[in-house]
Amino acid sequence: LSHDHKFNNWQHKRDLSIFYFLYSSGLRISELLQFKINDFPLKEFTKIKGKGDKERFIVVLNIVNEKIKNYLESCSNSTNGFNLSNDDPLFVKSIKGQKKKLSARDIQRTMKSHIEKFEGNYPTFSTPHSLRHSFASHILRGGADIRTIQELLGHSSLSSTQIYTKLDEKSLLDIYDKSHPHSKDKI
């Protein structure tokens, strides 16, 4: 397989759609894996069942639907892909030509593999759950309040969400120390 072909195959397009989806919505892997083909295209505000069967709404960006569409089209057009029916899981894998539902472990392995293959500024310890943390940290820095983040992440208690305020305080202090002219002054 040529290098270009490898990155245009349906599995790679599936992985990209998964990573975009996890990062842009703050989903847990278990929540991502509950989607079926007939859920696509996803609505901008999509209701999901989270941890403990707690329902919440997530935001689905247009780019996520585009990435999933690319994956689904390449899956059905590929010589080693398959046709998916409405009841099939949205994200599948192929084992000896048979379609199977992806597992959380499959997604963790895939992300680890991609991080090892690609050059870039990715911590080697990054996991799919790290994308959830990045989502929360970035929307907090963008001005979202802690209650909104709690709701978007589906945390039942505020204390689960408060770790992000501590992370943000640290980043604010780091920025202050690096950039404020008086930060080096000893009082």
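The values are calculated or read from the model by the stated rules, or taken from the named source; none is laboratory data. This structure is a prediction, so every number in the text was calculated from the model and none was measured. No Cβ is skipped: glycine too gets one built from the backbone with ideal geometry, and neighbour counts run over all protein chains shown. Just the protein is used for accessible areas: all its heavy atoms, side chains included, with ligands, DNA and RNA removed. Shrake-Rupley method; radii C 1.70, N 1.55, O 1.52, S 1.80 Å.
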*What about Ser76, is it small (Gly, Ala, Ser), in a helix (DSSP H, G or I) and open to solvent by 30 Å² or more (accessible area, probe 1.4 Å)?*
yes
_Looking at the range 90-102 only, could you name the residues that are free of Cβ contacts under 8 Å to residues at least 60 places away in the same chain, open to solvent by 100 Å² or more (accessible area, probe 1.4 Å) and in a strand (DSSP E or B)?_
Gln98
*Can Lys47 be described as surrounded by 12 or more Cβ atoms within 10 Å (Cβ to Cβ) and of a type outside the set (A, V, I, L, M)?*
no
_Candidate set from the range 168-182 (those that are open to solvent by less than 80 Å² (accessible area, probe 1.4 Å) and assigned to a helix (DSSP H, G or I)); member that is modelled with the lowest pLDDT_ = Asp168
*Which of (1) open to solvent by 30 Å² or more (accessible area, probe 1.4 Å); (2) among the basic types (Lys, Arg); (3) over 18 Å from Leu153 (Cα atoms) does Arg14 not meet, given it meets every other one?*
(1)
*Could you pull out the residue among Asp87, Asp106 that is on the phi < 0 side of the Ramachandran plot and part of a loop (DSSP other than H, G, I, E, B)?*
Asp87
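Results for (1) touching a Phe, Trp or Tyr at 6+ places or on another chain (Cβ under 9 Å); (2) hydrophobic (A, V, I, L, M, F, W, C); (3) at negative phi, shown as yes or no for each residue.
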position	(1), (2), (3)
Tyr20	no, no, yes
Glu31	no, no, yes
Gln34	no, no, yes
Asp39	no, no, yes
Leu42	yes, yes, yes
Arg56	no, no, yes
Glu73	yes, no, yes
*asked:* Please determine whether any residue of the range 2-16 is within 30 Å of Gln150 (Cβ to Cβ), touching a residue at least 60 places away in the same chain (Cβ under 8 Å) and not acidic (Asp, Glu).
replied: no
*Can Ile63 be described as on the phi < 0 side of the Ramachandran plot and either surrounded by 16 or more Cβ atoms within 10 Å (Cβ to Cβ) or among the basic types (Lys, Arg) (or both)?*
no
*Just give me the residues in the range 20-44 being open to solvent by 40 Å² or more (accessible area, probe 1.4 Å) and within 24 Å of Ser94 (Cα to Cα), in sequence order.*
Tyr20, Ser30, Gln34, Lys36, Asn38, Asp39, Phe40, Pro41
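If you take the residues in the range 35-52 that are within 24 Å of Thr127 (Cβ to Cβ), modelled with pLDDT under 95 and not β-branched (Val, Ile, Thr), which one is nearest to the chain's Cα centre (by Cα)?
If we take residues in the range 35-52 being within 24 Å of Thr127 (Cβ to Cβ), modelled with pLDDT under 95 and not β-branched (Val, Ile, Thr), then Gly50 is nearest to the chain's Cα centre (by Cα).
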*Whichever residue in the range 50-60 is buried (at least 17 other Cβ atoms within 10 Å of the Cβ) and hydrophobic (A, V, I, L, M, F, W, C) and, among such residues, is nearest to His12 (Cα to Cα)*: Val60
*Output the residue which, of all residues in the range 135-151 that are open to solvent by less than 40 Å² (accessible area, probe 1.4 Å) and in contact with a Gly (Cβ under 9 Å, 6 or more places away or on another chain), is modelled with the lowest pLDDT.*
Ile149
